[in-house]
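First comes the structure, then the notes that go with it.
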Amino acid sequence: MKIAYSNLASPEWSMEEVFENALRFGYDGVEVRLVDGEVIPSDLDVARQKEIVKLAARRGIDIIGLGASTRFATADANVREENMRELLRYIELAANMEVPMVRTFGGGLGDKGEMQEGDEVRFVADALNRVSNRAEVLGVSVLLETHDEFSSSYLVKEVLQRVSSAAIGAIWDTHHPVRMNETVEETYANLRDRLKHVHLKDAKRNADGWDLVVFGEGDVPVRRIVETVVASGYDNYLCVEWEKKWHPEIEGAATALPKHLDILRGYLE
């Protein structure tokens with residue numbers, strides 16, 4: 001089982017440091033969400049693309065995916081259309097960099113006042129169907145994450161049931177289905193047929209919401225999730241998602257990433 005980390009963990013690191021530290025800590029891959037501390041743009045300069053690919057290859061580190069922020073659950077057709085075009089640009093970027101997958105969100109975004117029941121699922125499925133042919137041609141998977149208003153794996157399943165392309169799949173973000181009071185068994189049953197990636201993180205409930213914590217210290221059954229996907233024969237990457245970029249109060253990557261990797265290796269052993 002190969003293990004990666006999302007570079008949301010290290011907004012202060014240069015791309016050279018991102019891959020250098022992956023090698024030093026013992027990670028196999030990196031999911032690129034940031035470039036030099038900011039969200040990777042879909043129109044990243046070609047020279048910069050090549051530089052990043054070379055930096056990773058020089059250290060033997062896989063770039064396993066790119067993180068887009070595209071969303072489609074909105075009543076505004078123009079916003080949906082622009083997000084679809086943006087997702088297509090990320091698919092092209094991934095292909096240019098020989099990266100196998102692009103993450104997308106479902107929603108929500110914009111004014112929902114005019115939306116009818118079921119529109120959110122229909123709008124997301126429509127967008128994924130429209131990008132699927134290009135994704136297939138380029139050999140890039142587009143993965144819908146259990147996140148935002150699609151934190152429930154039931155909604156992700158509903159979307160994917162409307163999208164037949166094998167290029168379209170699911171990411172299991174371990175935190176968000178727990179927020180929706182799903183069990184591990186429920187989430188896995190909903191995603192297993194299309195599961196292509198797993199974002200591992202733990203969090204602890206507090207009075208106002210959730211605090212991100214190290215594996216084993218929170219209310220997300222990370223170990224049980226790892227055991228479940230491994231027992232199922234899942235052989236894609238497991239990705240540590242430590243969101244320092246969005247939560248500057250949590251500990252830094254230089255401490256957190258080795259700690260998470262040690263715990264995760266213990267689960268796998």
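The values are calculated or read from the model by the stated rules, or taken from the named source; none is laboratory data. Computed from a predicted model, the values in this text were never measured in an experiment. Accessible surface is based on the protein model in full, side chains and every heavy atom, while ligands, DNA and RNA are left aside. Shrake-Rupley method; radii C 1.70, N 1.55, O 1.52, S 1.80 Å.
What to note about this one:
- Within a straight-line Cα-Cα reach of under 27 Å, Lys204 can be paired with the following lysines, leaving aside sequence neighbours fewer than 8 residues apart in one chain: Lys2, Lys157, Lys196, Lys244, Lys245, Lys259.
- Accessible area per residue for the chain, computed on protein heavy atoms with a 1.4 Å probe, is 43 Å².
- Gap separating the Cα centres of the range 125-161 and the range 46-90, nearest whole Å: 14 Å
- Considering only beta bridges that DSSP places wholly inside the chain, some 20 percent are antiparallel.
- Sequence-distant contacts, meaning Cα pairs under 8 Å at least 6 residues apart, place the relative contact order of the range 168-232 at 32 percent.
- Helices that extend 20 Å or more along their long axis by alpha-carbon positions and average at least -0.5 on the Kyte-Doolittle scale are, among the DSSP H runs of the chain, 119-138, 253-268.
- Averaging 1/r over every pair of different alpha carbons in the chain and inverting the result gives a Kirkwood radius of 18.7 Å.
- Value at 222 nm in deg cm²/dmol, rounded to 500, when DSSP H runs of n ≥ 4 in the chain each add -39,500 (n - 2.57): -13000 deg cm²/dmol
- Accessible area of the chain belonging to carbon and sulfur atoms, whole % at 1.4 Å probe: 45 percent
- Amide hydrogen neighbours beyond the local backbone of Ile64, cut-off 5 Å, H modeled: Val30, Glu31, Val32
- When the Gaussian network model of the chain links Cα atoms closer than 10 Å, the mean-square fluctuations of Thr74, Thr255, Thr104 top out at Thr255.
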